[in-house]
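Below: one structure in structure tokens.
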Amino acid sequence: MDRGSGAKDLEPESIQRSTLTDIKGVPLFSNTLEIWDPLWGFQARPDDLLICTYPKAGTTWLQEIVEMVQSGGDLQKCARAPIYNRIPFIELVHQVLSGLEDAEAMPSPRTLKTHLPVQLLPPSFWEQKCKIIYVARNAKDNAVSYFHFHRMDQEMPEPGTWDQFLEDFITGNVAWGSWFDHVRGWWEAKDRHPILYLFYEDMKEDLAREIRKVAQFLDVELPGPLLEKIVQHTTFANMKANPMANYSTVPTSLMDPAVSTFMRKGNVGDWKENFTVAQSERLDEVCGRELGGSGLTFRTEL
Ligand code: A3P
């Protein structure tokens, strides 16, 4: 999964593909089970901001936007460390790091990251009424991005072929479980908690508009030139070229850019390169069934 601070210390021979364990009905990395009790008891603070996504929905993009908004566009501050060191990933357990411990040691105000589905979020986030920003991405592009990530990240479970992976994605037999349950669960939660629910496709369509929503949610004033600076800094091309955002600081034995890059294509509609017509129709049908009545709809092209 997305790496944490000690990744560069890893010996290639110690890297193994993860297995998944069912935790309260959701497949998570087996080592998450070891920290489940402290994770569930995690003490959120009222001024914590939580960035929450299904994997590969645009987490890193939103993280960099939030960092820029909160720092008033301070490029030096945003370049102080790789994005995975700036924002702890609370359920990440690694041989040489713990997202949980990093989060606990962090002074306030904290920005934290999780991929947990709504029902597995540690209860203190609700009790403390923490602000949460969620990004959702259409199932087709999300599945393709997740497949390529499995191929390149040597600690993700073996993805098999695209056909096999898509089947696992549709049935929720992948890390962090069902995409449908995830996007729907968080969508419903936004009516009860301070959650800003964003869409990857909207961000691609009009980045300035979506950054303004983030700033408003965080009660930050964004004068025009600052907004433009943040837009420029967080375009796909600029993030792909930014070593503090593009995961190129992770050893190649862990994330192999010869297989696929973290900043891969950054498009809406790339799924068309991967899906057969039958697969597309099948996913449309499952989406209709699983999201029906929720009011939640996705665009698969712009
Ligand atoms: P692709 O694999 O489709 O290219 P996450 O950060 O949640 O792991 O998501 C990674 C996905 O977001 C990748 O998608 C990556 O290219 C895309 N992404 C990252 N930064 C982006 C940006 N600034 N603009 C558009 N897409 C971006």
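Looking only at the range 43-80, which residues are away from the ligand (no atom under 15 Å from the Cβ) and under 13 Å from MET244 (Cα atoms)?
LEU75, GLN76, LYS77, ALA79, ARG80 - these are the residues of the range 43-80 that are away from the ligand (no atom under 15 Å from the Cβ) and under 13 Å from MET244 (Cα atoms).
So, one more: All but one of (1) free of Cβ contacts under 8 Å to residues at least 40 places away in the same chain; (2) more than 16 Å from the ligand (Cβ to nearest atom) hold for LEU296; state the number of the condition that does not hold.
For LEU296, the failing item is (1).
I've got another one for you. Going by what's in this entry, would SER253 be described as away from the ligand (no atom under 16 Å from the Cβ) and touching a Pro at 6+ places or on another chain (Cβ under 6 Å)?
yes
Could you please let me know if TRP187 is modelled with pLDDT of 95 or more, surrounded by 15 or more Cβ atoms within 10 Å (Cβ to Cβ) and within 16 Å of the chain's Cα centre (by Cα)?
yes
Right, next: Looking at MET239, MET263, can you tell me which residue is in a helix (DSSP H, G or I), within 10 Å of the ligand (Cβ to nearest atom) and either surrounded by 13 or more Cβ atoms within 10 Å (Cβ to Cβ) or more than 19 Å from the chain's Cα centre (by Cα) (or both)?
After ruling out the rest, the residue left standing is MET239.
Scanning the range 126-144 for residues that are crowded, with 23+ Cβ neighbours inside 10 Å and more than 12 Å from the ligand (Cβ to nearest atom), which turns out nearest to GLU285 (Cα to Cα)?
Among them, the one singled out is ALA139.
Would you check if ASP153 is within 18 Å of CYS52 (Cα to Cα) and either modelled with pLDDT under 95 or in contact with an Asp or Glu (Cβ under 9 Å, 6 or more places away or on another chain) (or both)?
When the stated conditions are applied, ASP153 does not pass them.
List, please: which pairs have Cβ atoms under 7 Å, are six or more places apart or on different chains, and start with a residue in the range 231-249 that is modelled with pLDDT of 95 or more and end with one that is of a type in the set (Val, Ile, Thr) and more than 8 Å from the ligand (Cβ to nearest atom)?
VAL231/ILE211; THR234/ILE65; PRO243/THR249; MET244/ILE83; ALA245/ILE83
Let me ask another. Within the range 214-236, which residues are within 16 Å of the ligand (Cβ to nearest atom) and in a helix (DSSP H, G or I)?
Answer for the range 214-236, where residues must be within 16 Å of the ligand (Cβ to nearest atom) and in a helix (DSSP H, G or I): VAL214, LEU227, GLU228, LYS229, ILE230, VAL231, GLN232, HIS233, PHE236.
May I ask you to list the residues in the range 120-153 that are within 18 Å of PHE89 (Cα to Cα) and in contact with a strand residue (DSSP E or B) (Cβ under 8 Å, 6 or more places away or on another chain)?
LEU120, LEU121, PHE125, CYS130, LYS131, ILE132, ILE133, TYR134, VAL135, ALA136, ASP153
Follow-up question, since we're still on this one. Could you list, in sequence order, the residues of the range 275-298 that are part of a loop (DSSP other than H, G, I, E, B), crowded, with 17+ Cβ neighbours inside 10 Å and more than 21 Å from the chain's Cα centre (by Cα)?
Of everything in the range 275-298, just one residue is part of a loop (DSSP other than H, G, I, E, B), crowded, with 17+ Cβ neighbours inside 10 Å and more than 21 Å from the chain's Cα centre (by Cα), namely PHE275.
Is it fair to say LEU100 is away from the ligand (no atom under 16 Å from the Cβ) and buried (at least 23 other Cβ atoms within 10 Å of the Cβ)?
For LEU100, the condition - away from the ligand (no atom under 16 Å from the Cβ) and buried (at least 23 other Cβ atoms within 10 Å of the Cβ) - is not met.
Of the residues that make up the range 81-88, is at least one at pLDDT below 95 and either surrounded by fewer than 21 Cβ atoms within 10 Å (Cβ to Cβ) or more than 14 Å from the ligand (Cβ to nearest atom) (or both)?
There is at least one residue in the range 81-88 that is at pLDDT below 95 and either surrounded by fewer than 21 Cβ atoms within 10 Å (Cβ to Cβ) or more than 14 Å from the ligand (Cβ to nearest atom) (or both).
How many residues does the range 202-219 hold that are of a type in the set (A, V, I, L, M, F, W, C), loosely packed, with under 15 Cβ neighbours inside 10 Å and either within 12 Å of ILE133 (Cβ to Cβ) or in contact (Cβ under 8 Å) with a residue 60 or more places away in the chain (or both)?
0
Of everything in the range 43-74, what is crowded, with 20+ Cβ neighbours inside 10 Å and farther than 24 Å from ILE211 by Cα? Give them in sequence order.
Correct list: ALA44 only.
Restricting attention to the range 13-27, which residues are in contact with a helix residue (DSSP H, G or I) (Cβ under 7 Å, 6 or more places away or on another chain) and assigned to a loop (DSSP other than H, G, I, E, B)?
Scanning the range 13-27 gives SER18, THR19, LYS24.
The values are calculated or read from the model by the stated rules, or taken from the named source; none is laboratory data. Bear in mind that the values here come from a model prediction, so they are computed numbers and not experimental data. Heads up, the Cβs are rebuilt from the backbone with ideal geometry, glycines too, and the neighbour counts pull from every protein chain shown.
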